[in-house]
Amino acid sequence: MRTNPWSKKLVYKVYSGQHMIGIKEFNKKITSLKNTRKMTKTMKMVSASKFKRSHKSQINAEEYAHKISELMGRLSGSGSSSHPMLMAKKAITKSLIVLFTSDKGLCGGFNNNLIRKTRGWISDNQYKYTMIGMSFCGRRGYMSFRRTAKINKYYENITMKPAFIDAQKVAQDISQDFTMGNFEEIYLAYNRFDGPMSQTPVIEKILPLDASVFTKTETDPVKKFPGASYEYEPEEKEILYFLIPKFLSFKIFYTLLENAAGEHGARMSAMDKASQNTGDLIDRYTLLRNRARQAAITTELIEIISGAEALK
């Protein structure tokens, strides 16, 4: 059985006549840990409430995401679609990563796992491009890359409470960068929401739009629409020029919703684990304090008995 180093310290203090100091130190630690546990439990309840709202918004937007993707698949599957954002550039030398993280910490590995994956992707693809730019939605990602990355844009305070108007701003900026030739490929790096305790770091290309992505659905991954005959009113080109900006804006908005739900879920899980660990420490320090008190009482009894024996 391993010896706790605190026990040796207590033994020294007891036999040096300083046992009360050791007990007071443990009392301070236990009081501090109890206050910490109150704080982590409160943060867990707050995160649970925020997670419930964020998850509800994400679920409500999921059906619209499927419908707009299916509509894009029908248009791009007709074979006659021509839009600048559907066309790959001939020479690909510059790429942009839009990184979605949280503004605050205390959410476990939610940000660190994605940042680590993004660094790995940049390291693996740095020889493929002459320049890799980065835009940031979320303070944690910006603070991690601000000294090493070529920063294109930083969008402040848009990840805590996702709003469609903010998503439109991001979509307009990346669309402009792509059409003007500032970047030939644009990627989104975010945490895909799998559940309150599970988020998967994902890096996916958003521009140029890949028609093959739209020709399948969530329930039927091989569903395609080639050769389908449709009558368009207005013309197909006009529909595409209207629909693609809407799709990009909603894609960014849905990513923000997933990021918010994942952040609150991860923080809720992290605070629950912190509360459990704090409880374990309280139990451990309480046991050590009781041992110190017992050792002090035993020492005093020995001194009294020894003194009585010496007087005989």
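Points to keep in mind about this one:
- From the options Ser102, Ser69, Ser16, residue that is touching a helix residue (DSSP H, G or I) at 6+ places or on another chain (Cβ under 7 Å) and at pLDDT below 90: Ser69
Residue by residue, here is whether (1) surrounded by 23 or more Cβ atoms within 10 Å (Cβ to Cβ); (2) under 45 Å from the mean Cα position of the chain (by Cα); (3) part of a helix (DSSP H, G or I) holds:
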| residue | (1), (2), (3) |
| --- | --- |
| Asn259 | yes, yes, yes |
| Ser269 | no, yes, yes |
| Leu288 | no, yes, yes |
| Leu301 | no, no, yes |
| Ala310 | no, no, yes |
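- Of all residues in the stretch 266-286, exactly one satisfies the criterion of being farther than 19 Å from Gly108 by Cα and basic (Lys, Arg), namely Arg284.
- Count - residues of the stretch 56-70 that are open to solvent by 40 Å² or more (accessible area, probe 1.4 Å) and within 19 Å of Ile239 (Cβ to Cβ): 4
- Glu204 within 25 Å of Arg74 (Cβ to Cβ), modelled with pLDDT of 90 or more and in contact with a strand residue (DSSP E or B) (Cβ under 8 Å, 6 or more places away or on another chain): yes
- Looking only at residues of the stretch 77-99 that are basic (Lys, Arg) and modelled with pLDDT under 90, we find that the one that is nearest to Thr179 (Cα to Cα) is Lys89.
- Ile115 vs. criteria touching a helix residue (DSSP H, G or I) at 6+ places or on another chain (Cβ under 8 Å) and open to solvent by less than 60 Å² (accessible area, probe 1.4 Å): yes
- Of all residues in the stretch 44-55, those that are under 12 Å from Arg267 (Cα atoms) and touching a residue at least 40 places away in the same chain (Cβ under 8 Å) have Cβ atoms under 7 Å from Cβ atoms of residues that are among the basic types (Lys, Arg) and assigned to a helix (DSSP H, G or I), 6 or more apart or on another chain, in Ser47/Arg267.
- Qualifying position, being touching a residue at least 12 places away in the same chain (Cβ under 8 Å), out of contact with any Gly (no Cβ under 6 Å at 6 or more places or on another chain), open to solvent by 40 Å² or more (accessible area, probe 1.4 Å) and farther than 20 Å from Tyr254 by Cβ, among Lys89, Lys150: Lys89
The values are calculated or read from the model by the stated rules, or taken from the named source; none is laboratory data. Keep in mind the model is a prediction, meaning the values are calculated, not measured. Glycine also receives a Cβ, built like all others from the backbone with ideal geometry; neighbour counts cover every protein chain displayed. For the accessible areas, the whole protein counts, side chains as well, though only heavy atoms, and no ligand, DNA or RNA atoms are used. Shrake-Rupley method; radii C 1.70, N 1.55, O 1.52, S 1.80 Å.
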